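Written out below as structure tokens is the structure these notes cover.
Values in this text are rule-based calculations from the coordinates and carry no lab data. Just so it is clear, the model here is predicted, and its values are computed rather than measured. Glycine gets a Cβ as well: all are built from the backbone with ideal geometry, and neighbour counts include every protein chain shown.
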Amino acid sequence: MNELANINTTPHLNRSKVKQTALEIAATIQPANHFERVGMSFIERIEAKVRAAIREEVRIHPSKGKTLL
């Protein structure tokens, strides 16, 4: 098997929970569309936003102490 296929491109996410949540929200917000699947590009965009949020939280955190609060 190709080693690149085993690389987790979304290490900060529980993909199944992201998919489940996205489909639940879609059913509420856009019930006429009947979405049934979530593409990997959607998951990867969410991963990028999570990484950016973490990066921003660390950036704005005061630089004292040993714990990110």
Label-point separation in nm, HIS12 to ILE54, each point 7 Å along Cα→Cβ: 0.5
Environment charge at VAL38 (Cβ cut-off 12 Å; Lys +1, Arg +1, Asp -1, Glu -1): +2
Under Karplus coefficients 6.51, -1.76 and 1.60, residue-wise ³J(HN,Hα) of the range 34-46 in Hz, glycine/proline x: 6, 4, 10, 9, 10, x, 5, 5, 5, 4, 5, 5, 5
Table column - 3J(HN,Hα) (Hz), the range 54-61, Karplus curve with 6.51, -1.76, 1.60, x for Gly and Pro: 5, 4, 5, 4, 5, 4, 8, 6
Radius 13 Å from Cβ of THR9, net charge of other residues (Lys, Arg +1; Asp, Glu -1): +1
Rg followed by Dmax, in Å, when the chain is reduced to its Cα trace: 16.5, 50
